[in-house]
Amino acid sequence: MASQPNRKIAAAVVREDAHQKQRLLDRAFALAFKGLVYAQIWEDPVVDMEALAIEPGNRIATIASGGCNVFSYLTADPAEIVAVDLNTAHVALNNLKRVAIQRLPDYLSFRRFFADADSSANIADYRAFVRPYLDETSRRYWEGRDLAGRRRINGFARGLYKGGLLGNFIGLAHLVARMHRVDPRQFLEAKTIAEQRAIFDAKFAPFFDRKFIRWVTDQRSSLFGLGIPPAQYDALAAGKPMADVLRARLEKLACDFPLEENYFAWQAFGRGYGKGVTMPLPPYLQAANYAAVKARADRVTMLHANMTDMLAAADAASFDRYIFLDAQDWMSDAQLAALWTEVTRTARPGARVLFRTAAEPSLLPGRLPDDLLSRWAYREQASLDYTRRDRSAIYGGVHLYVLKG
């Protein structure tokens, strides 16, 4: 499974027309990105569903990533979700989630598996309820071994959200912070937004002024653990020191939303969702949505594919909603044009496209041919509001386009 996904990822990431140093960095990122990157996706599904205005019967095309949003969209009752990903680990994770939702005996076992994700009982449940129904490729992935020689499925006994490229990055950030006498978990003791602000200002804001932190974050490879390739690094920095950009994004995460509502903050500062029935969770993991998600899980079609290629093979006027995460930040102008040509061809009347960018403005003006861009209306004011309310807080912009006419 290793060589083929690496070629797909390299084709999407490596800028062959760039100079040698850039190509080497791109290839290093492609190598890092071929394993599990996101055990949890870092886009807010509540904002997504409001922007997308999903209606019963809609067909959705989305990039899968960790799958939290894919399965959360089921709460809006679409007819089908076609989820694609270049990363075979993400494909295997989404297939595991779909089967587990359908086959685990009850909500408590489902919550233990994917919310707590740190119990040996999950491994027993995998063998009894999930493994017999999992496709062979995904089963080989989960029962295969990681670089440390451990079976990957055992991550659900150790704490899944502490693993993967992003989980390891957060763990390393916690280690570096503690070395500088800052304990990120202390933030979770806050009871009000005012307390959250006081802890951030006293403990975390000064951390980004340290010379070592500023030097490290100025290296393009330093953000590989966030899933940010070199091409996206420059868009995120926007000419500013990266330490200042990261401080501003962390400030939004820490100070703009109550802790009891923001599971992204729990992941960042606590490396998991926390324990207890009142902890914030993605919609697909919430008890109130369990029956609907379970009944509709078979509406998810998971493909190891490039989004443009998948759409090129689809019928005209066959999709209503599109979600590209931040993948367009990685694309050349030619790749953007190819993608939007297929989006426009496959879009039904009233179709909506949602995506995120590392920088604040939409990346389409000036890069997408006018004959394509003119077919779509940019909802600028709504996009600014979605950006403000996106609890994950790591993106500069959340953007919504609606097909005209």
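Numbers below:
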read-out: Selected residue [closer than 22 Å to residue 263 by Cβ, open to solvent by less than 40 Å² (accessible area, probe 1.4 Å), part of a helix (DSSP H, G or I) and free of Cβ contacts under 8 Å to residues at least 60 places away in the same chain] from 96, 108, 172; value: 96
read-out: Yes/no for residue 387 being surrounded by 16 or more Cβ atoms within 10 Å (Cβ to Cβ), farther than 15 Å from residue 51 by Cβ and not small (Gly, Ala, Ser); value: no
read-out: One residue from 55, 50 being of a type in the set (Asp, Glu) and either open to solvent by less than 20 Å² (accessible area, probe 1.4 Å) or part of a helix (DSSP H, G or I) (or both); value: 50
read-out: Subset of segment 84-93 that is open to solvent by less than 10 Å² (accessible area, probe 1.4 Å), part of a helix (DSSP H, G or I) and not small (Gly, Ala, Ser) - its residue that is farthest from residue 155 (Cα to Cα); value: 90
read-out: Answer residue from segment 229-241, given it is surrounded by fewer than 21 Cβ atoms within 10 Å (Cβ to Cβ) and at negative phi and is modelled with the highest pLDDT among those; value: 241
read-out: All positions within segment 189-210 that are assigned to a helix (DSSP H, G or I), over 21 Å from residue 236 (Cβ atoms) and not acidic (Asp, Glu); value: 193, 194, 196, 197, 198, 199, 202, 203, 206
read-out: First in segment 256-281 and in contact (Cβ under 8 Å) with a residue 24 or more places away in the chain and closer than 12 Å to residue 193 by Cα, second anywhere and crowded, with 19+ Cβ neighbours inside 10 Å and basic (Lys, Arg), Cβ under 9 Å, 6 or more apart; value: 256/391; 257/391; 261/391; 262/391
read-out: Pairs, first on the phi < 0 side of the Ramachandran plot and small (Gly, Ala, Ser) in segment 133-147, second at pLDDT 95 or above and open to solvent by 60 Å² or more (accessible area, probe 1.4 Å), C-beta under 8 Å, six or more apart; value: 144/151; 144/152
read-out: Elements of type helices (runs of 4 or more DSSP H) contained in segment 317-405, each with 1 or more residues being of a type in the set (Asp, Glu) and under 24 Å from the mean Cα position of the chain (by Cα); value: 333-346, 380-389
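The values are calculated or read from the model by the stated rules, or taken from the named source; none is laboratory data. Nothing here was measured: the structure is a model prediction, and the numbers come from that model. A quick note on method: Cβ atoms are made from the backbone with ideal geometry, for glycine too, and the neighbour counts reach across all protein chains shown. Heads up: the accessible areas ignore ligands, DNA and RNA and are worked out on the full protein's heavy atoms, side chains in. Shrake-Rupley method; radii C 1.70, N 1.55, O 1.52, S 1.80 Å.
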